[in-house]
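The values are calculated or read from the model by the stated rules, or taken from the named source; none is laboratory data. Here the structure is a predicted model, which means the values were calculated and not measured. In this analysis, Cβ positions are derived from the backbone assuming ideal geometry, glycine residues included, and neighbour counts consider all displayed protein chains. Just so you know, the surface numbers come from the protein's heavy atoms only, side chains and all, with ligands and any DNA or RNA stripped out. Shrake-Rupley method; radii C 1.70, N 1.55, O 1.52, S 1.80 Å.
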Amino acid sequence: MSKKLFMLLHIAVLQAFAQAPNNKIDQLISKMSIEEKVGQMTNLTLATIADEKDGTVILNQAKLNEAIQKYHIGSFQNVLTHAYSVQEWHGFLDTIQKTTLSLEKHKIPSLYCIDAVHGANYTKGSTLFPHNIAMAATRNINLATIGGQVTAAEVRATGIRYNFSPVLDVGRQPLWPRFAETFGEDVHLVKEMGLATIKGYEGNNLKNTNSVAACMKHFVGYSAPNVGKDRATANISDLQLRELYLPPFQEAVKLGTQTLMVNSAEINGIPVHANKFLLTDVLRKELGFKGVVISDWEDIKKLVERHKTAENYKDAVFQAVNAGIDLCIVPFDYQFTTNLIQLVKEGKISIERINQSVKRVLILKQTLGLFDQPFVEKSAYPQLFRPEYKTNTLDAAREAITLLKNENNVLPISKTKNLVVLGPTAHSKTSMFGCWSYTWQGQDSSYFDKKDLTVFDAIKEKSNASKYIKNDELEQQKEKIQNADYIVVCLGEDAYAETPGNIHDLELPIEQKNLVKQLQQFNKPIILVLQEGRPRIVREIEPLCKAVVMGYWSGPQAGRAIAEVIFGDINPSGKLPFTYPRFTGDLLTYDHKFLDAAVEVASPYSYNYQFNPQWPFGHGLSYTSFKYDSLTLSSDTLVKANKLKITISIKNTGNLEGKEVIELYSKDLVASITPSVKRLRKFTKINLKPGESKRVAFEINSSELAFINKDLKWVTEKGQFEILIGDLKKTFYYKN
Ligand code: BGC
């Protein structure tokens, strides 16, 4: 089936479910009490119905009965503390469902939800993929779809049908501790990778036993906190909101994505959970979203406790439901439920408003096939832990690893050489996996497969003479370094998730920088390996290193893939999905405005343009060389209704086979709103054998050149544009 046909089918099927008048659901709603309806809008965490004893989680039947019988709770989520075996999951899910169907008058099945953000995270033995930031570095949308499909298949086989993923926040603030969960700083890249992932999750029919409902999150503007902290305030102009932060959600809505989670923070002084304009006017009316809007964790209560825009919980519930929340992750108690019932009984929230939300939740359950087959689907079991998934995650890690520096082609290194490997991320699995890896914070390495190799393990496997030096043993082990041919120093970050990952400074910790400075005394070539969820500043130590390899948080196969790059078993092809900053005070994205990188030269008021990050967005070296040639436009004028065809030749001029990412940027030379210096419009990835050349074609239409004008409308204004690919550019004229 062609990609286009698949996409149309996908959209048609999913939207049909969401829009059609639904007699069965309408009839059901007409028979439900207020209490039963509000129960369907309530989501609790597993901790409310389970106890943990000696490391084992056991459902508490009395609490479960109370949740279903007394409060009519329609959905549960996530874990108590750690990952469970498939058998444990099956036990939980079937018991919850059995209890629900025996106690719930209308036989409405329960829905279970999970954060499987880079694989079926909370299931022991499941396959984890690189984090989104690394997936974006691959620039390979097929890998994103495969990652989504494998995740969906394993999640569904555990019995769960709803995944709180993917993050569609655009990562424009590298301090933000959830940066690694984004697909990087560019809107187009986030759209392409995000949509590919959603297609992988949802497939073309959510009743299929290898699909799960996706949740685009976190609507909207979560990734732009002013101070870089998690769940902090953002000031986003209407113009930026529409041009930078809404488009990935808009495209995912068009695709038919089933659910959406709300940003925990606030924009321009209004907590998003209480923002009717965003959650109803923009999301429902403008974007046309028909699915379920779910709150984030405890965020209605936080309108009282953190945001201080509600006097009490009841007021908070009023604000949030009135704004447009359908389902609330409460997740620990029944206060949301009791307050909402009261508000309806007092006539402050209409029953019509409640019916809207309940209908959306019930349609989701119906679309997922829960009314037909509410229990764990046995036919999905063979989808678990398939050996080919390991290849899939290795492929993704291999294409993610990004070679940032390679002075005098110091890499690749021959396997006969003697390497010393050291630094805090050299022999650490938690630095490979990052957050949401069997545990929320990703810090418990006992869940990782013993067979997964750290960077040191993988280097040692290839070059047996290589040695590892522990962080505190540098002094005693000097001889090992003196005898080595190369030093591989592995720096970066350990795993963290959300608020615990807040930092005050993007600089690498001083101990890490000092380590590299100390290593200088040995006068050996230093290879720097970075494994980190966000770009930590390396300005001071980069000149001391001959090569820099960026590993991001690339998952279980990260160590292997990094070693393969170091020894040349694979040719690196990853490209930075963000601008790697040189200074903490200069966090410009590649698509900044001219003014932000203008420097005054010679005489006062004489400006030049000087953008000088550590490494630019799109940067990534190869062991071969590519030559771009013959950039051709189908016309020197683009008229509104037409398309511009752009072709270019790329030749592999080196001696090794290699993959190359071709990125097409446009530049609007003059516009009524200051234009960005350039914008990514298209990208593709090709493979070339030595000496081989390929002609690559792109098409651009007028809407792909558009920006938001002062009336908050998408426009393409007449005038000169440039198309830039590699080191080539061509100009054309656009007229309406
Ligand atoms: C996170 C969400 C996540 C939710 C449920 C929150 O803390 O912000 O991204 O989906 O928890 O676990």
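Within the stretch 593-610, the set of residues being open to solvent by less than 60 Å² (accessible area, probe 1.4 Å), assigned to a loop (DSSP other than H, G, I, E, B) and among the aliphatic types (A, V, I, L, M) comprises just one member, VAL601. Look at the stretch 552-566: where a residue is outside any helix (DSSP H, G or I) and a partner is surrounded by fewer than 24 Cβ atoms within 10 Å (Cβ to Cβ), sitting 6+ places away or on another chain with Cβ atoms under 6 Å, you get PRO556/ASP452; GLN557/LEU394. So which residues in the stretch 470-506 are of a type in the set (A, V, I, L, M, F, W, C) and surrounded by fewer than 23 Cβ atoms within 10 Å (Cβ to Cβ), if there are any at all? If the condition is that a residue be of a type in the set (A, V, I, L, M, F, W, C) and surrounded by fewer than 23 Cβ atoms within 10 Å (Cβ to Cβ), then LEU474, ILE481, ALA484, ILE503, LEU506 are the ones that fit. Pairs meeting the criteria (first residue in the stretch 290-306 and under 13 Å from ALA265 (Cβ atoms) and open to solvent by less than 40 Å² (accessible area, probe 1.4 Å), second residue within 11 Å of the ligand (Cβ to nearest atom) and polar (S, T, N, Q), beta carbons under 8 Å, at least 6 apart or on different chains) are ASP296/ASN263; ASP296/SER264; ASP299/SER264; LYS302/SER264.
Conditions (1) under 29 Å from the mean Cα position of the chain (by Cα); (2) open to solvent by less than 50 Å² (accessible area, probe 1.4 Å), marked per residue:
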site	(1), (2)
ASN612	yes, no
TYR623	yes, yes
SER635	no, yes
ASN652	no, yes
LEU664	yes, yes
SER676	yes, yes
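Candidates are the residues of the stretch 219-253 that are within 16 Å of the ligand (Cβ to nearest atom) and of a type in the set (A, V, I, L, M); the one that is nearest to THR716 (Cα to Cα) is ALA252. Selection of first residues in the stretch 512-526 that are assigned by TED's automatic domain parsing to the domain that holds PRO543 and of second residues that are modelled with pLDDT of 95 or more and hydroxyl-bearing (Ser, Thr, Tyr), restricted to Cβ pairs under 6 Å at least 6 apart or on distinct chains, gives the following pairs, ordered by first then second residue: PRO525/TYR486.
Screening the stretch 399-420 for residues that are out of contact with any Gly (no Cβ under 9 Å at 6 or more places or on another chain) and assigned to a helix (DSSP H, G or I) and picking the one that is surrounded by the most Cβ atoms within 10 Å (Cβ to Cβ) gives GLU407.
The residue of the stretch 324-335 that is farthest from the ligand (Cβ to nearest atom), among those that are of a type in the set (A, V, I, L, M, F, W, C) and under 18 Å from ASN275 (Cβ atoms), is ILE325. Residues of the stretch 171-212 being within 15 Å of the ligand (Cβ to nearest atom), among the hydroxyl-bearing types (Ser, Thr, Tyr) and over 16 Å from the mean Cα position of the chain (by Cα), which ones? Those that are within 15 Å of the ligand (Cβ to nearest atom), among the hydroxyl-bearing types (Ser, Thr, Tyr) and over 16 Å from the mean Cα position of the chain (by Cα): none in the stretch 171-212. The set of residues from the stretch 421-447 being surrounded by fewer than 19 Cβ atoms within 10 Å (Cβ to Cβ) and not hydroxyl-bearing (Ser, Thr, Tyr) comprises GLN441, GLN443, ASP444. For the stretch 224-240, the candidate set comprises residues that are of a type outside the set (Ser, Thr, Tyr) and outside any loop (DSSP other than H, G, I, E, B); within that set, the residue that is surrounded by the fewest Cβ atoms within 10 Å (Cβ to Cβ) is ASP238. Residue count for the stretch 187-223, restricted to those that are in a loop (DSSP other than H, G, I, E, B), more than 18 Å from ARG306 (Cβ to Cβ) and in contact (Cβ under 8 Å) with a residue 40 or more places away in the chain: 12. Within the stretch 268-287, the set of residues being surrounded by 21 or more Cβ atoms within 10 Å (Cβ to Cβ) and either away from the ligand (no atom under 15 Å from the Cβ) or in a helix (DSSP H, G or I) (or both) comprises VAL272, HIS273, ALA274, ASN275, LEU278, LEU279, VAL282, LEU283.
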